[in-house]
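One structure is given here, and the rest of the page talks about it.
Readers should treat all values here as calculations from the given coordinates under stated rules, not as data from a laboratory. Everything numeric in this text was worked out from a predicted model, so none of it was measured. Cβ: placed from backbone, ideal geometry, glycine included. Neighbour counts: every protein chain shown.
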Amino acid sequence: MERIKQALERARQEQVRSLGSGVVHPLAPVEAPESQISYSETRVTPVSPSALRKNRIITGTETDEVTAAYKILRTQVLQRLVSKNWNALAVTSPGPGQGKTVTAINLAISLAREVQHTVLLVDLDMRRPGIHRYLGLNAQFGISDVLTRGTPVSHALINPGIDRLVVLPGREALPNSSELLKSPRMVQLVKELKSRYVTRLIIFDLPPLLSVDDAIAFTPYVDAALVVVAEGLTTGEELQHASSLLANTPVVGTVLNRSSEKATPYFDA
C-alpha cells in the first residue's frame, strides 16, 4: 500500500500538468435534460437497477458510501475539465482487472446526474469491449460497425434509461483495434463527438496501457486521462511505466481501487 502511495505521489509530481487556479469558469448555455428529449434515432433501452447493482454499477440515486465516493470523484474531475475547457476524458489503467471499466461507467453516470451536462460514454476497449455487458445492454450496433461497416453513429447510440447519459458500445472484439483507433474515420468521429454539443462530456474507456498499444495510439485525441489502479495488483513499477506512456497527456488524477484502508475509491490529484 505504501509503495502505491509513493508511486502515486511521484506520478502526480512528474505527470500531472498545472491545472491553474482551479476556479470553475462559467458554463456555456446548457442543453435540455435528455429526459426531456424525444429521441428520433437513439435507441432507448432502460436497464435494470438490480442488474446494475449486481455488476457494481451505481444508479446515481443511492445514498450509500460508494455513490458518495463517485460524487466526490465527479466533482474533482469536473472542476479540472471545466477549468481547462476540456470535454474528452480517457479512463485507463496500467494493467487488466484493475477496475477501469466499472470506474468509467460509474463516473459517467455520476456526471450525468450533474444537471449542467450530458455525457457520452464510449467503449474503446475494442479487444475486450465490456460496457454493454456491465449495463446489461443488447447492443445491435457498436463502434466497430461505425468504423468498419459505415453504420451511422446514431444507429449505435443507446440511452440506458438514465437521464442525460448516452452509450456508444463496443459490441464485438476487433483484432486490429490499434490501427482503427488512429484511422481517419476515428479522427473524424472524435472531432464530431467533441464539437456537436458544447456541454457534452465524453468518457472514453480505453484498454490497459501496458497490455496493448491501443491506449497510446488514441490518447492524442483526448484532452486528459484518469488512471485507475488497484491495491494488490498494480505495482509501483507498473504505475511509473504507465505514467511515462502518458507523458504527453494531462492526467487529472488517479483512482485507487480495492484499498484495504478505505471502503471507498481513493482519488489522488
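Remarks
- Between THR63 and ASN176, the C-beta separation translates, for a Förster distance of 51 Å, into a calculated FRET efficiency of about 0.70.
- Whole-Hz Karplus values for region 127-133 come out as 7, 9, x, x, 4, 5, 6 Hz, taken residue by residue from phi with 6.51 cos²θ - 1.76 cosθ + 1.60 and θ = phi - 60°; glycine and proline positions read x.
- Here the ratio of the Cα radius of gyration of region 212-252 to 2.2 N^0.38 Å is 1.18.
- Subtracting the Cα-Cα distance of SER154 and THR75 from 0.36 nm times their residue separation leaves 25.5 nm of extension gain.
- Computed FRET value (nearest 0.05) for ALA51 with ARG127, which takes r as the C-beta separation and R₀ as 22 Å: 0.35
- Cross-link pairs beyond the 24 Å C-alpha cut-off, checked among LYS100/LYS194; LYS71/LYS191; LYS71/LYS100; LYS84/LYS191; LYS71/LYS182: LYS71/LYS191; LYS71/LYS182
- Alpha-carbon centroid distance for the pair region 42-114 / region 167-229, whole angstrom: 17
- Placed amide H near ARG200: partners under 5 Å, 5+ positions off or other chain: THR118
- The HN-Hα couplings worked out from phi for region 76-90 by the Karplus form 6.51 cos²θ - 1.76 cosθ + 1.60 (θ = phi - 60°) are 5, 5, 4, 4, 5, 5, 5, 5, 9, 6, 9, 9, 10, 10, 8 Hz, whole numbers, x standing for Gly and Pro.
- This ranking places ARG196, ARG128 by how few other beta-carbon atoms lie within 10 Å of each, fewest first, which gives ARG196, ARG128.
- Taking every alpha-carbon pair under 8 Å whose residues sit at least 6 apart, region 169-269 reaches a relative contact order of 22 percent.
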